[in-house]
Amino acid sequence: MAINNLDIKIAWEGPFSVKEVINQKKDYGVSPDWAGNDYGLYQIYGRHILCGKKALLYVGIATDETYSDRFKIHNKEWLSKEKNVGIYLGGVYDPIRHSKADNWRLWTKDIELAERIMIYKYSPHYNYIGISNPPELSPYKAVRLIHHGQRGKL
């Protein structure tokens, strides 16, 4: 049975360079909660052979590691080969829904759901999983993403 609609508010900032994200976005928080500021969603823009400059290339999440740690991996695997990359970082936090009481499980679920919705809706060029099938919204009737701040082309 579906329950109420869910609004996920995303506060975007950017654009950042890969170097800026790696060097500046590493607020882990304090043990044992690790509730730092540098976790959440991200968008990567760059040149695409078919869509030209500033195309949405990739949407991802950093929930178990900071943006800095996540982008060190991306940089090693593929971003170092890209030119003119712009990165937007999106924080998700609802003090009523998200807390350390459940070990941030609902926060993680909300971010994962937002990522799946964004991949399905915007079809980033380098995200191949999740583009062809709509995300499962259950147990909600509907989920709405509310974007604030510097949000790129969303």
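The values are calculated or read from the model by the stated rules, or taken from the named source; none is laboratory data. Here the structure is a predicted model, which means the values were calculated and not measured. Using ideal geometry, Cβ is built from the backbone for each residue, glycine included, and neighbour counts are taken over all protein chains shown. We work out accessible area using only protein heavy atoms, side chains counted, and drop any ligands, DNA or RNA first. Shrake-Rupley method; radii C 1.70, N 1.55, O 1.52, S 1.80 Å.
Assorted remarks:
- Taken over the stretch 22-64, the criterion of being of a type in the set (Lys, Arg) and touching a helix residue (DSSP H, G or I) at 6+ places or on another chain (Cβ under 8 Å) is satisfied by LYS25, LYS26.
- Residue check for LYS100: open to solvent by 70 Å² or more (accessible area, probe 1.4 Å), without any contact (Cβ under 8 Å) to a residue 60 or more places away in the chain and not small (Gly, Ala, Ser): no
For (1) outside any helix (DSSP H, G or I); (2) farther than 17 Å from LEU6 by Cα, each residue gets a yes or a no:
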| residue | (1), (2) |
| --- | --- |
| ILE61 | yes, yes |
| ASP64 | yes, yes |
| ASP69 | no, yes |
| LYS72 | no, yes |
| ASN75 | no, yes |
| LYS83 | yes, yes |
| ASP94 | yes, no |
| LEU106 | no, no |
| LYS109 | no, no |
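- Counting the residues of the stretch 40-55 that are touching a Phe, Trp or Tyr at 6+ places or on another chain (Cβ under 8 Å), at pLDDT below 95 and at negative phi gives 1.
- Number of positions in the stretch 130-149 that are open to solvent by less than 90 Å² (accessible area, probe 1.4 Å), under 12 Å from LEU113 (Cβ atoms) and touching a strand residue (DSSP E or B) at 6+ places or on another chain (Cβ under 7 Å): 5
- Test: residue in the stretch 101-109 that is among the acidic types (Asp, Glu) and within 25 Å of THR66 (Cβ to Cβ): yes
- Taken as a whole, the stretch 30-44 holds at least one residue that is open to solvent by less than 30 Å² (accessible area, probe 1.4 Å), aromatic (Phe, Trp, Tyr), touching a residue at least 24 places away in the same chain (Cβ under 8 Å) and under 24 Å from ASP110 (Cα atoms).
- Members of the stretch 1-21 that are in contact with a strand residue (DSSP E or B) (Cβ under 9 Å, 6 or more places away or on another chain) and either open to solvent by 70 Å² or more (accessible area, probe 1.4 Å) or without any contact (Cβ under 8 Å) to a residue 12 or more places away in the chain (or both): ILE3, ASN4, ASN5, LYS9, GLU13, PRO15, GLU20
- Cβ-Cβ distances below 7 Å connect the following pairs, each with a first residue in the stretch 113-130 that is touching a residue at least 40 places away in the same chain (Cβ under 8 Å), a second residue that is of a type in the set (Phe, Trp, Tyr), and a separation of six or more residues or different chains: PRO124/TYR58; TYR126/TYR58; ASN127/TYR58.
- Residue in the stretch 22-29 that is of a type in the set (S, T, N, Q), part of a helix (DSSP H, G or I) and either under 17 Å from GLN150 (Cβ atoms) or open to solvent by less than 20 Å² (accessible area, probe 1.4 Å) (or both) present: yes
- Only a single item in (1) open to solvent by less than 60 Å² (accessible area, probe 1.4 Å); (2) within 24 Å of ASP38 (Cα to Cα); (3) not in a helix (DSSP H, G or I) is not met by ILE117, and it is number (3).
- Of the residues making up the stretch 53-97, those that are surrounded by 14 or more Cβ atoms within 10 Å (Cβ to Cβ) and charged (D, E, K, R) are LYS54, GLU65, ASP69, ARG70, LYS72, GLU82, ASP94, ARG97.
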